[in-house]
Amino acid sequence: MIEIKNVTKYYGNKGLGLYKASAKINKGEIVGILGENGSGKTTLLKAIMGLTELEEGEVLIEGKPPYQMYNKMAFITEEGSYFPWMTPYEYGVFLSDFIPSFNLELYMKLLNFFEIDPHKKIRAFSTGQRSKLEISAGFSKGAQYILMDEPFRGNDMFTRRDFLKLLISSLKQDETILISTHIIEDIENFIDRAIILRHGRIKADIYIDDIRKDNKSLAAVMMDITEYQEDRYKGIFK
């Protein structure tokens, strides 16, 4: 279980990252972390990973602080955890030496699947290629808790579909997955639950089955929460 308890995070004197965020995420759940730009999605994932200092509250993974659970966690982020001066193969060897559970054979298979040259310098890669590299490394760590922050950045719809198919086929039923993305249509049929943030606050925590019972889509729920007005643009031309 992941327990998020009254977490508050500020950036500087006025920048709000999260405000009194609380939630419990059960083992084996697949959860979408959703919201507008600047809503606190990345801050929440970093708080769970223990990668940012908090003004208030705590995060516990199986009752322990995140730093004690790093060997069971993987963070797939658009920022990238790779070293640009390395090749993908060199990076894989580094991870094998550093992480006992890292599966180098699986990593190389994923690179081949995504058509990533294992001997080309990472600094020469496009945004989409770096994203595929990050995904390949993240899924080869043998983690039980997989956190993904905008993993689809720079990738086309077919690559996104391939990624989700790979993810589904690789699950052993006990992994807990948190995925933050703006492309909610891709994940609506994949996630069990959605945590929706706005202005650093958790505004909704809802299971997808409950949304369907109300004959709503996840996009419709998002529009309600964010107070999105579809015809707002018309005022520009009046």
Task: Least to most buried among 93, 7, 59 (fewest other Cβ within 10 Å first) - done: 93, 59, 7
Task: Kirkwood Rh in Å, taken over the stretch 95-144 so that all alpha-carbon pairs contribute - done: 11.1 Å
TODO: Could you list, in their original order, any pairs among 165/213; 46/216; 46/121; 5/64; 24/64 whose Cα atoms are separated by more than 19 Å?
DONE: 165/213; 46/216; 46/121
Open item on the list: What's the magnitude of the charge dipole for the stretch 119-180 around its Cα centre, counting Lys and Arg as +1 and Asp and Glu as -1 at the beta-carbon? Answer in Debye, nearest 20.
Closed with: 360 debye
Open item on the list: For the chain, give me the percentage of DSSP beta bridges that are antiparallel, rounded to the nearest 5 percent.
Closed with: 50 percent
- [ ] Could you calculate the contour length gain from residue 127 to residue 67, that is, 0.36 nm times the residue separation minus the distance between their Cα atoms, to one decimal place in nm?
- [x] 18.7 nm
Open item on the list: Test of understanding: what is the full-extension gain from residue 101 to residue 113, defined as 0.36 nm times their sequence separation minus their Cα-Cα distance?
Closed with: 2.2 nm
TODO: Among DSSP beta bridges lying fully in the stretch 103-220, give the percent that are antiparallel, nearest 5.
DONE: 55 percent
Task: Cβ charges +1 (Lys, Arg) and -1 (Asp, Glu), total dipole of the stretch 2-228, debye - done: 180 debye
Task: Contact order normalised by residue count of the chain, Cα under 8 Å, 6+ apart, percent - done: 26 percent
Task: Label-to-label distance, nm, for residues given as residue 183 and residue 55 (7 Å Cα→Cβ offset) - done: 3.5 nm
Task: Taking all pairs of distinct alpha-carbon atoms in the chain, Kirkwood radius in angstrom - done: 18.8 Å
Task: Bins of 10 Å, starting at 0 and running to the largest distance - Cα pair percent for the stretch 1-135 - done: 11, 34, 30, 22, 3
Task: Volume in Å³ per residue [convex hull over Cα atoms, computed for the stretch 138-215] - done: 122 Å³
TODO: Quote the relative contact order of the stretch 105-177 in percent (integer), defining contacts as alpha-carbon pairs under 8 Å separated by 6+ residues.
DONE: 32 percent
Task: Where labels lie 7 Å past Cα in the beta-carbon direction, separation of residue 207 and residue 165 in nm - done: 3.0 nm
TODO: List 94, 139 from most exposed to least, where exposure is judged by having the fewest other Cβ atoms within 10 Å.
DONE: 94, 139
Open item on the list: Checking a compactness column here: for the stretch 175-238, what do you get for Rg(Cα) / (2.2 N^0.38 Å), N being the number of residues?
Closed with: 1.29
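Here, each number is a calculation from the coordinates, and none is a lab measurement. Quantities reported herein were computed from a predicted structural model and do not represent experimental measurements. In this analysis, Cβ positions are derived from the backbone assuming ideal geometry, glycine residues included, and neighbour counts consider all displayed protein chains.
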